1. Among the residues of segment A:514-526, is there at least one that is touching a residue at least 12 places away in the same chain (Cβ under 8 Å), within 14 Å of chain B (Cβ to nearest Cβ) and either among the aliphatic types (A, V, I, L, M) or more than 21 Å from A:Leu460 (Cα to Cα) (or both)?
2. For segment B:139-163, give me the residue count where each residue is within 14 Å of chain A (Cβ to nearest Cβ) and assigned to a helix (DSSP H, G or I).
3. Residues of segment A:158-180 being within 14 Å of chain B (Cβ to nearest Cβ) and under 17 Å from the mean Cα position of the chain (by Cα), which ones?
4. Suppose we filter segment A:309-364 for residues that are part of a loop (DSSP other than H, G, I, E, B) and either within 26 Å of A:Ala445 (Cβ to Cβ) or not aliphatic (A, V, I, L, M) (or both); how many remain?
5. Does A:Asp430 meet the test of being within 14 Å of chain B (Cβ to nearest Cβ), of a type outside the set (Lys, Arg) and touching a Gly at 6+ places or on another chain (Cβ under 9 Å)?
6. How many residues does segment A:322-334 contain that are at negative phi and crowded, with 24+ Cβ neighbours inside 10 Å?
7. Consider only pairs whose beta carbons are under 9 Å apart and that are at least six residues apart or on different chains; among these, list those whose first residue lies in segment A:359-373 and is at positive phi and whose second residue is not small (Gly, Ala, Ser).
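What follows draws every value from the coordinates through simple rules; no lab data is involved. It should be emphasised that the depicted structure is a prediction, and the values quoted were computed from it without experimental measurement. Heads up, the Cβs are rebuilt from the backbone with ideal geometry, glycines too, and the neighbour counts pull from every protein chain shown.
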Amino acid sequence: MKQATQTAVFCGDPARTDLPAASRKYLGVLTAMLLTCVPLLTAASEAPPAPAISPPAAAAPPDDGQWTMPAKNYASTRYSELAEINEGNVKNLQVAFTFSTGVNKGQEAAPLVVGNTMYIVTPFPNIVYALDLSKPGAPMKWKYEPNPEPAAQGVACCDVVNRGAAFADGRIFFNTLDGHTIALDANSGRPIWNAHIGNINIGETITMAPLVVKGKVLVGNSGGEMGVRGWVKALDAGDGHIVWTAYNTGPDKDVLIGPDFKPHYEMDKGKDLGVTTWPPEAWKIGGGNMWGWISYDPDLNLIFHGTGNPGPWNPDLRPGDNKWTSGIFARDPDTGAAKWFYQWSPHDLHDYDGINEQVLLDMNWHGKPRKVLVRPERNGYLYVLDRATGEVLSAKPYGPVNSSKGVDLKTGRLVENPDKLTGTGKVVRDICPTASGLKDWQPSAFSPKTGLLYIPHNNLCMDEEGVEVNYIAGTPYVGMNVRMIPGPGGNRGAFTAWDIAAEKPAWSLKENFPVWSGAVVTAGDVVFYGTMEGWFKAVSAKTGDLLWQFKTSSGIIGQPITYRGPDGHQYVAILSGVGGWAGAIVSGDLDPRDATAALGFVNAMKDLKNATTAGGTLYVFRLP
Amino acid sequence: MRPVVALLLFASLALAACQREERDTRPQSALGSGEQPTPVTTLEPGGQRPAPTDNKAASFEANAFHLSEGKRLFGWFNCSGCHANGGGGMGPALMDEKWIYGSSMESIHATIRDGRPNGMPSFRDKIPDDQIWELAAFVRSLSGNAPSSAAPSRNDDMMAHPSENRMPDAATLGKSP
């Protein structure tokens, strides 16, 4: 029965009716609708009703065919209701047009599509292009060059990436590597305001995509490898002034912890833990940066964001739980006030930043309806949290993990493996996952049709040796020699479909290199992701069977999106261009003879230079 | 008694014959010296000027003590945070044959002292001049450019790459030209 109601949702999508009304186009849409609905209906009559898991409607409104923020919606599902491209016809996909970004660094951004325009933001020097989708070949409408400080390149830990822009109220908001947030008029590309909020001379950069919530642009800083104190700021979307700043270390008043703060676990309760869980003053240079993803639940009026690793990596230099690093905050978007916090990795030993995406879903958990938050975390566990309280409902490894032995659901605490404790002067071998995590920033996608979370991730292990390190502002503050190696099985990457209700994988695909691209899944039951060799792949959302692939000019580490073009047809877009931490060996031309290059990642990627070269090209596909 | 005296005499003669490496026990600590301008290009309209030389360059480069000190300082001043153990990361690889701003001791010294535009910080007034020369000498040894008779101390840390004096000259990758 539930399946049938869901079917109705897919067919009766109101957004589809407000299409450009030319009758031919309408016909195409009708066919597309029939194609989606018919198989679903048969499936509904045969299969037993699957447990319904779906994003809260307020955070995932009906699909209008646009793509206005990298995560698609506030629930961060990266799910598109478009179904013209489906399991049956995806093999016919063809290139519609391409566009060179002119920048040969890691392209991690998601293109945006608003109306008839596509927007892309490049890695440093962070050029924004607007492409006119209504004209053949999508010619450039305008470009904006913010000319960031070249020196910022030296303090960006892991390539000079940018994870995308966000659209709201006729404006494009994006961040530059040298610490500016900029609002552009989406029509003209004219800058409206420019807020300088990061300081490269203390090692602060910005690489994340902003999120616009209730007239505020939410931005966090990068710099966890430079001893930068992490923060999230809310800038007024109108004029760019700072509405609130929440630090992720330090006294409660800086962290915006007040009377509303009700963490679920004992370990997160107490006064000024952001000071007392550190050696004196260490919180000032303790990291906890916010360079990843934010989700927003309009019903609960809460935003959810992770916090990065504590600095330095060498844990001997910072005894204590190092609050509020490697955890997750729920905050009131209006004031920034913290509502709850949960720490994935207290006193982090392995650079397990806690900044990955949080997918907001409503589901029955062991018989009770729960508002949950699903997080494939860097430390290797797939967490299901109650997003109203921060209680951990489930934490199961979604790949090889030996750095810890599980999560104690009573105390909420990660159970460390005593054999894998790092520290000064000792080499600890074969720690899985690596500093880059079982999964890093690369965002997963969720389909309410399958109930599966599609996780692009890594399969790597590492040796670590803690070393002494001096804090010199604006230079790295790491104190760890790292050397990464392929994980069990030898495949360095995997693409796993995780059955959230059953708490286990449905299927998993092996990839030679880490899957450093994001994923997108559609109502056509097709999942798209890219590989670091440059293959752009479509696989079946149900089985993982490879349905189509296309070799792009460079390795893919970007975020695929899909949209309805001005002609009413479905398109799929991806930026190709290798780089990021995993691909820095190519984009930064690093030397594979040094096992510790790029914080140890190069050792696992020695052959990437033979598999791909640097690039920066947008590819857009459609059916013939 | 006699044989003992002869032996002592011989031993002292033999020791005197050993060439002792000259070492400043207290290196010059002045900051900001060595202002010799160093061009970052070999392109000069009309012809070549002689490359500027600094007499400190050779003496620091051929000296194992200075190389070892350079290696210690490379970690101490967080060079290794950006350049790893020579393979690079936030900064470029220093162990390969590619140089943006020149491979001479003088060029590297200028790089460290003055910084470079795309993200190499200026360490002027942070590192004493002689220690900059020591760092420059060590940087050159990473690509097999130090004389094989002088080498920095061995690696006590996790094996990142073969020791510096066993690295082939990066420009020829160990092959004779």
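1. no
2. Filtering segment B:139-163 for residues within 14 Å of chain A (Cβ to nearest Cβ) gives B:139, B:141-144, B:155-163.
Still in the list and also assigned to a helix (DSSP H, G or I): B:139, B:141-142.
The qualifying residues number 3.
3. A:Cys158, A:Asp159, A:Val160, A:Val161
4. From segment A:309-364, those part of a loop (DSSP other than H, G, I, E, B) are A:309, A:311-314, A:318-326, A:332-337, A:344-358; that's our starting set.
Right, trim to either within 26 Å of A:Ala445 (Cβ to Cβ) or not aliphatic (A, V, I, L, M) (or both) and you get A:309, A:311-314, A:318-326, A:332-336, A:344-348, A:350-358.
Residues in segment A:309-364 being part of a loop (DSSP other than H, G, I, E, B) and either within 26 Å of A:Ala445 (Cβ to Cβ) or not aliphatic (A, V, I, L, M) (or both): 33 in total.
5. Values: within 14 Å of chain B (Cβ to nearest Cβ): yes; of a type outside the set (Lys, Arg): yes; touching a Gly at 6+ places or on another chain (Cβ under 9 Å): no.
Considered against the rule, which asks whether it is within 14 Å of chain B (Cβ to nearest Cβ), of a type outside the set (Lys, Arg) and touching a Gly at 6+ places or on another chain (Cβ under 9 Å), A:Asp430 comes out as no.
6. Taking segment A:322-334 first, the residues at negative phi are A:323-325, A:327-334.
Then keep just the ones that are crowded, with 24+ Cβ neighbours inside 10 Å; that gives A:323-325, A:327-331.
Of the residues in segment A:322-334, 8 are at negative phi and crowded, with 24+ Cβ neighbours inside 10 Å.
7. Qualifying pairs under 9 Å: A:His366/A:Leu393.
Each row is one residue, and each column tells you yes or no for (1) in contact with a Lys or Arg (Cβ under 8 Å, 6 or more places away or on another chain); (2) closer than 24 Å to A:Lys216 by Cβ; (3) within 14 Å of chain B (Cβ to nearest Cβ); (4) surrounded by fewer than 20 Cβ atoms within 10 Å (Cβ to Cβ).
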residue: A:Gly115; (1), (2), (3), (4): no, yes, no, yes
residue: A:Phe124; (1), (2), (3), (4): yes, no, yes, no
residue: A:Tyr129; (1), (2), (3), (4): yes, no, no, no
residue: A:Asn147; (1), (2), (3), (4): no, no, yes, yes
residue: A:Gly154; (1), (2), (3), (4): no, no, yes, no
residue: A:Pro191; (1), (2), (3), (4): no, yes, no, yes
residue: A:Asn199; (1), (2), (3), (4): no, yes, yes, yes
